[in-house]
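The structure appears below as structure tokens.
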Protein chains: 2
Amino acid sequence: MGAQLTLDKILERAVDLFPDRELVTKLPDGEMHRYTYGDAYERICQLAGALDELGLEEGARVGVVATNHYRHFELYFGPACSGRSIHMCNMRLPDHHFVHTIEDAGDEVLFVDPWLLEKVEANADELETVERYVVLCGEDELPETDLEPVTDYESLLEGHSTEYGWPDVDEDAEYGMCHTSGTTGLPKGVAYSHRAMYLHSIMCGHVDANGVSERDTVLPVVPMFHANGWGLPYAATFVGAKQVFPTVHTDPEPLARLIDEEEVTFSAAVPTIWLGMAEFLDENPEVDISNIDRLTVGGSAPPESLIRKYDEEYDAPIIQGWGMTETSPLGTLSTLRKEAAELPSDEQYEYRAKAGLPVPGMQTRIVDDDGEEVPADGETMGELQVRSPWVTDGYHDRPEENEAAFTEDGYLRTGDIATRDELGYVDVVDRNKDVIKSGGEWISSVQLENELMAHEAVAEATVVAVEHERWQERPMAVITTSAGADVTGTELEDHLAETFPDWWLPDVYEFVDEIPKTSTGKFDKKRLRERFDIVLEAEQGEEAEP
Amino acid sequence: MGAQLTLDKILERAVDLFPDRELVTKLPDGEMHRYTYGDAYERICQLAGALDELGLEEGARVGVVATNHYRHFELYFGPACSGRSIHMCNMRLPDHHFVHTIEDAGDEVLFVDPWLLEKVEANADELETVERYVVLCGEDELPETDLEPVTDYESLLEGHSTEYGWPDVDEDAEYGMCHTSGTTGLPKGVAYSHRAMYLHSIMCGHVDANGVSERDTVLPVVPMFHANGWGLPYAATFVGAKQVFPTVHTDPEPLARLIDEEEVTFSAAVPTIWLGMAEFLDENPEVDISNIDRLTVGGSAPPESLIRKYDEEYDAPIIQGWGMTETSPLGTLSTLRKEAAELPSDEQYEYRAKAGLPVPGMQTRIVDDDGEEVPADGETMGELQVRSPWVTDGYHDRPEENEAAFTEDGYLRTGDIATRDELGYVDVVDRNKDVIKSGGEWISSVQLENELMAHEAVAEATVVAVEHERWQERPMAVITTSAGADVTGTELEDHLAETFPDWWLPDVYEFVDEIPKTSTGKFDKKRLRERFDIVLEAEQGEEAEP
């Protein structure tokens, strides 16, 4: 009775207990917009009323093309609580992918930031499902646009009641959708249920996870269109925490100042943000981010040196996490369990540099090609598989891919290659398609790349598999050298041999002028594998390794 | 997919990540029993196998009559994870109530502590559903008993596999049952679903609730037959915390020593335990409980002086909570929200002495007789109503009472009278049946009693309603004086007038030799109301209050 795990409960709790807590937005022009959960609630009710007037049916999707700000926050609740769904659109995708995501979701209304209009205008002809555009601004701020029909957001809300009777929504109903970024093929849609995000939110407040508390001030740098902004706007609302939204101000300097001025205690972003902020802070010691209690870092692994620097110089601990669009996203966090916390601080970094422990409610296992769990020795690699009430049930309208995506007992095959150590820490060492399978053993391309790039003569390095007559696959390193530097394959091999066993060492070192990259800036290993479509021969007298 | 919120997930998490964490039991003879989650898991599997062999069907209930110890812990999981249900029997109930609970649950097997055999033996003739008794001891410890058929627990487990394939249990299936203590009428059964206890457990780890962490050492003093031991054994297992069980050693002295020796960080019990422990600690300063991070107190409100003493003298903060058997039980906790934590420490006690804030996931409201929410002014009283995924759907086999127990929108009418202040803190001021309804306004019998008992000449005081021609009800105080003390009603009225408005002051002061008590030691207000079945007349010139 009354026990449905729906997002209106999250919103109502904030308004019931913390109506005066602030939601702060740094607008593009630098002005600060401040209001409270109580204010936001009234506008969310108005938004729901406006969606009614637009005739949006139960389950209809509205697309949102926006940076992080208070209107985006309102869109996180208005459609969902009134029985519709928010489609969080990634405007950084290439045009044909961007169009595909909106078609795939069937968005009927598209909400767009004024400063992101161009992307939508350039593709509007192809957005056949979209019946109306709403620009996220006031009437007098509405830019010239050829989008049609178009309204500004404030006019849309105007005149609607500041109260709304939320319908009884089934907890398994979809509240939102994101798309994977699709490095191979078209982006795939992931639908989230109310239940999944409710559970993810309560977990984010768990003391052994992110511990998001009403005492926190939360600044989600991670875009709200990326995997629910890592779930933070919902988790922060559940506890009634103050939230700070940066809109376009996501460069290290304005972010650092925002953290300082608003006394932010908890933030989350990809490592590059914190790398850049360290440079800024070193040059601007008057900016103080020591109110930070913890920084969650995800997307890719931060270097251990960065974690140390934030501890020692800024008193702002970095906690690494692992997750996917498919997992809402939080899967693991590198919090220190008791046995690790009791180690000398230098040894703690070994654990803090890993993807971490599965958060409460997340089941993880690492299995070999036969589906057997690999030993928890911190070295043996296998595919990471996860199961949780906040892991997706399958991709939107992709029945074939869904069959392959899950095991019989309901675990998602993540496609990530990982190890697990004796304390249960998971470390993600490669993507499945990139790991090198040599004679039945696996070699991490990522670990080789990191070590190659640690060599001063190397600018960029990537490692891909090439075919081998005897070992099936062997590693090949593709290298660009630093300006003016000179280095040979033999020298790099000596360098790698200090860290890795013989059988990990690449068989081939290719020096190139440039390594091809994907649209999201990652090394394009697929193109490299096509370019170096070679077969290595088994040599006489070759060691019988591995 | 794989997303069912069932208790096997809680158990498997502990064994997966924390197999070596200890579960410690202080046995009745003073010996310490130590083993790990890994050990416990194997025995839980054996227990499940034994229940199979006994032919217990899906959904069958087993009764447990036991103190807190490792075998009881095993019974918290074995029946539930294998698809049956544990009925946690309260052996402190009077015999006919005790028998009723077992009949009502239809327990097929009864697990009994050797030191509690007498209670069961005395009633065995009437336990018609029970087909087998299992005494919670080893073969050579089995006492003489006329229970029939009877086995010892260790022989029951013997020979069964230490692995077990948990069935796919629906999260809405019952995992356990407790009975209310039934101060009026027969005890009522409350069935708990897997889902309810899973959610309660993850909430107990929330940083804005109890924050139970893997770093904790948890000692549940509260009996495991009382509202799931306040959910602590499950919450502690979810996070893999070390647990300490006291069996019969629940007096202040052995408890204090256990807290000291096992470095307990978190414990929970009724106020009398901590009152008694304070006396012991003052006389035995070598016993140190400062590892305690927080003590949860529930069942009744602790005096503010006790909270202060534990802060100042033992560095062991007391956090008050409110809950019921019907609410799994956690409903509110007097944690300090930011606005309260920023007050001078002296003013913080005003909030810490209240029942507290609703925990994440618990919806509360306080309504008047017309079902309207009362103002959040900390003074206006109303009935506390609650809704949550871990609030019961209704009493076992009580269709009529269930109709009255819930509002149309699914809130449980708790029968508790409460106030709510501007920060959202709930304070429970009376039971519904005890509050005095005078001229449309409510007077708290509990607050008058506390103030009367603060008078040095008063030993015991209780306040009940008597009928009044004009005001419907007026308060009557029933008093026993301290040995050798002498006091008049007028003096007591003057004393009360320092704190309460005129219209709260009792119209009658009755001095008696003894106040009748219920079987659980509470003032028997029902008998008092029957004894003083009087009608007060409206006086001439009476003030038109309230």
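The values are calculated or read from the model by the stated rules, or taken from the named source; none is laboratory data. All of these numbers come straight from a predicted model, not from anything done at the bench. Methodologically, a virtual Cβ is constructed for each residue, glycine included, from the backbone with ideal geometry; neighbour enumeration extends over all protein chains shown.
Identify, from the list B:T151, B:T162, the residue that is in contact with a Lys or Arg (Cβ under 8 Å, 6 or more places away or on another chain), more than 14 Å from chain A (Cβ to nearest Cβ) and assigned to a strand (DSSP E or B).
Numbers: B:T162 fails: assigned to a strand (DSSP E or B).
Answer to the check: B:T151.
Does any residue in the range A:1-27 that is within 9 Å of chain B (Cβ to nearest Cβ) and of a type in the set (F, W, Y) come within less than 6 Å, Cβ to Cβ, of a residue that is assigned to a loop (DSSP other than H, G, I, E, B) and crowded, with 21+ Cβ neighbours inside 10 Å six or more places away or on a different chain, and which pairs are these? Correct list of pairs: A:F18/A:G240.
Taking the condition away from chain A (no Cβ under 13 Å), at pLDDT 95 or above and closer than 22 Å to B:L75 by Cβ, does B:F225 pass? Reasoning before the result, please.
Details: away from chain A (no Cβ under 13 Å): yes; at pLDDT 95 or above: yes; closer than 22 Å to B:L75 by Cβ: yes.
Answer is yes for this residue.
If a residue has to be at pLDDT 95 or above, out of contact with any Ser or Thr (no Cβ under 8 Å at 6 or more places or on another chain), crowded, with 21+ Cβ neighbours inside 10 Å and β-branched (V, I, T) to count, how many in the range A:249-303 make the cut? So the answer is 1.
Among the residues of the range B:33-75, those identified as over 18 Å from B:E154 (Cα atoms) and aliphatic (A, V, I, L, M) are B:L56, B:A60. Here A:E467, A:E473, A:E456, A:E537 are screened, and the one residue that is more than 29 Å from the chain's Cα centre (by Cα), under 24 Å from A:A301 (Cα atoms) and of a type outside the set (G, A, S) is A:E456. When restricted to residues that are more than 11 Å from every other protein chain (Cβ to nearest Cβ) and either out of contact with any helix residue (DSSP H, G or I) (no Cβ under 7 Å at 6 or more places or on another chain) or of a type in the set (G, A, S) (or both), the range A:197-222 contains 0. Any residue at all in the range A:456-470 that's touching a Ser or Thr at 6+ places or on another chain (Cβ under 8 Å) and among the hydroxyl-bearing types (S, T, Y)? Yes, because at least one residue in the range A:456-470 is touching a Ser or Thr at 6+ places or on another chain (Cβ under 8 Å) and among the hydroxyl-bearing types (S, T, Y). Residue count for the range A:409-426 satisfying the condition of being away from chain B (no Cβ under 11 Å) and over 21 Å from the mean Cα position of the chain (by Cα): 1. The numbered conditions (1) over 12 Å from A:C81 (Cα atoms); (2) away from every other protein chain (no Cβ under 14 Å); (3) under 28 Å from the mean Cα position of the chain (by Cα) are all true for A:E53 except (3). Taking the conditions (1) within 21 Å of A:S388 (Cα to Cα); (2) surrounded by fewer than 21 Cβ atoms within 10 Å (Cβ to Cβ) in turn, A:R420 satisfies each one other than (2).
Output yes when any residue across the range B:358-366 is surrounded by fewer than 17 Cβ atoms within 10 Å (Cβ to Cβ) and under 21 Å from the mean Cα position of the chain (by Cα), and no when none is. Working first, answer last.
The initial filter retains those residues of the range B:358-366 that are surrounded by fewer than 17 Cβ atoms within 10 Å (Cβ to Cβ), namely none.
No, the conditions are met nowhere in the range B:358-366.
Within the range B:421-443, which residues are at pLDDT below 90 and not acidic (D, E)? If the condition is that a residue be at pLDDT below 90 and not acidic (D, E), then B:R431, B:N432, B:K433, B:V435, B:K437, B:S438, B:G439, B:G440, B:W442 are the ones that fit.
Can you pull out every residue in the range A:438-450 that is buried (at least 17 other Cβ atoms within 10 Å of the Cβ) and either part of a strand (DSSP E or B) or within 14 Å of chain B (Cβ to nearest Cβ) (or both)? Full working, then the answer.
So the first thing to find is which residues in the range A:438-450 are buried (at least 17 other Cβ atoms within 10 Å of the Cβ), and the list is A:438, A:442-449.
A:S438, A:W442, A:I443 - these are the residues of the range A:438-450 that are buried (at least 17 other Cβ atoms within 10 Å of the Cβ) and either part of a strand (DSSP E or B) or within 14 Å of chain B (Cβ to nearest Cβ) (or both).
Kindly indicate whether any position in the range B:275-290 is more than 14 Å from every other protein chain (Cβ to nearest Cβ) and under 26 Å from B:H179 (Cα atoms). Break it down into steps so the answer makes sense when it comes.
First, pick out the residues of the range B:275-290 that are more than 14 Å from every other protein chain (Cβ to nearest Cβ): B:275-290.
This time we only want the ones that are under 26 Å from B:H179 (Cα atoms), so: none.
Taking every residue of the range B:275-290 in turn, none turns out to be more than 14 Å from every other protein chain (Cβ to nearest Cβ) and under 26 Å from B:H179 (Cα atoms).
Based on this model, can you work out whether A:G321 counts as more than 14 Å from chain B (Cβ to nearest Cβ), in contact with a Leu (Cβ under 6 Å, 6 or more places away or on another chain) and under 21 Å from A:M203 (Cβ atoms)? When the stated conditions are applied, A:G321 passes them. Among the criteria (1) in contact with a Phe, Trp or Tyr (Cβ under 8 Å, 6 or more places away or on another chain); (2) free of Cβ contacts under 8 Å to residues at least 12 places away in the same chain, the one A:G185 does not fulfil is (1). Taking A:T180, is it surrounded by fewer than 21 Cβ atoms within 10 Å (Cβ to Cβ) and at pLDDT 95 or above? Against the criterion (surrounded by fewer than 21 Cβ atoms within 10 Å (Cβ to Cβ) and at pLDDT 95 or above), A:T180 does not qualify. Go through the range A:344-373 and report how many residues are among the aromatic types (F, W, Y) and more than 24 Å from A:W442 (Cβ to Cβ). Of the residues in the range A:344-373, 1 are among the aromatic types (F, W, Y) and more than 24 Å from A:W442 (Cβ to Cβ).
Looking at the range A:129-186 only, could you name the residues that are farther than 29 Å from A:Y37 by Cα and not acidic (D, E)? A:T129, A:V130, A:T145, A:L147, A:P149, A:T180, A:S181, A:G182, A:T183, A:T184, A:G185, A:L186 - these are the residues of the range A:129-186 that are farther than 29 Å from A:Y37 by Cα and not acidic (D, E).
Residue check, B:T180 against (1) more than 30 Å from B:G424 (Cβ to Cβ); (2) touching a Lys or Arg at 6+ places or on another chain (Cβ under 6 Å); (3) more than 14 Å from every other protein chain (Cβ to nearest Cβ), all met but one. Which one? (1) is the only condition that B:T180 fails.
B:A196 falls short on exactly one of the conditions (1) over 30 Å from A:D216 (Cβ atoms); (2) buried (at least 24 other Cβ atoms within 10 Å of the Cβ), and that condition is (1). Filter the range A:213-248 down to the residues that are within 17 Å of the chain's Cα centre (by Cα) and at positive phi, then identify the one that is surrounded by the most Cβ atoms within 10 Å (Cβ to Cβ). Only one residue fits best here, namely A:N228. Among residues of the range B:233-244 that are facing another protein chain (nearest Cβ under 9 Å), those with a Cβ under 6 angstrom from a residue that is assigned to a helix (DSSP H, G or I) and surrounded by 24 or more Cβ atoms within 10 Å (Cβ to Cβ), sequence gap 6+ or separate chain, pair up as B:F238/B:I10; B:F238/B:S201; B:G240/B:A14.
Residue count for the range B:481-490, restricted to those that are surrounded by 12 or more Cβ atoms within 10 Å (Cβ to Cβ) and either touching a Phe, Trp or Tyr at 6+ places or on another chain (Cβ under 6 Å) or under 23 Å from B:E537 (Cα atoms) (or both): 1.
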